[in-house]
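What follows is a short report on a single structure.
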Amino acid sequence: MRAPLTLKGAQRLRAELEQLKTVQRPAVINAIAEARSHGDLKENAEYHAAREQQGFIEGRIKQLESELSNAQVIDVATLDAGSRIVFGASVALVDVETDEEKRYQIVGDLEADIKLGLIAISSPVARALIGKHEGDSVIIDAPAGQREYEIIQVAYSG
């Protein structure tokens with residue numbers, strides 16, 4: 001099965017790939033050439049650091065190319081699941097106990113970033129939400145124990 005990816009997530013990953021190929025890769029190649037010109041490579045820390053950085057960059061480029069070529073890109077704005085939560089949904093929840101509100105978008109594993117409110121479809125929170133509707137209550141296993149949330153809004157926007 002191809003990994004799902006939102007259109008925004010695919011654009012973000014393509015931009016990172018372009019940055020790696022056009023900016024970071026040439027910069028590290030120049031750093032290696034500069035470090036080589038300093039002579040003995042065995043005891044040249046700059047050379048070894050630049051080679052290590054090159055390995056990380058090349059590895060990330062390969063990873064991104066592979067993931068993007070195998071991903072199923074889904075334009076969330078075209079989804080019409082109504083109030084039902086499916087991949088790509090932006091969901092607003094309120095903690096029944098504390099009235100604390102949280103907002104998440106359910107995205108592919110490749111683009112998940114909790115700091116941005118993007119949760120992976122494979123995460124426990126997303127799995128608990130999938131198939132539920134606006135107005136439903138859901139119990140989510142959190143590190144501090146089970147929490148009950150009410151789903152107050154479900155939206156699909158690009």
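The values are calculated or read from the model by the stated rules, or taken from the named source; none is laboratory data. All values derive from a computational prediction rather than experimental measurement. Because the Cβ atoms are built from the backbone with ideal geometry, glycine has one as well, and the counts that use them run over all protein chains shown.
Step by step: first the residues of segment 8-60, then only those that are among the basic types (Lys, Arg) and within 25 Å of the chain's Cα centre (by Cα), then the one that is surrounded by the fewest Cβ atoms within 10 Å (Cβ to Cβ). Which residue is that? That would be ARG14. Name the residues in segment 124-138 that are outside any loop (DSSP other than H, G, I, E, B) and closer than 17 Å to ILE106 by Cα, would you? Those that are outside any loop (DSSP other than H, G, I, E, B) and closer than 17 Å to ILE106 by Cα: PRO124, VAL125, ALA126, ARG127, ALA128, LEU129, HIS133, VAL138. Of all residues in segment 19-30, at least one satisfies being within 19 Å of GLU111 (Cα to Cα) and assigned to a helix (DSSP H, G or I). When GLY39, GLY82 are checked against the criterion of being assigned to a loop (DSSP other than H, G, I, E, B) and not assigned by TED's automatic domain parsing to the domain that holds LEU20, a single residue qualifies: GLY82.
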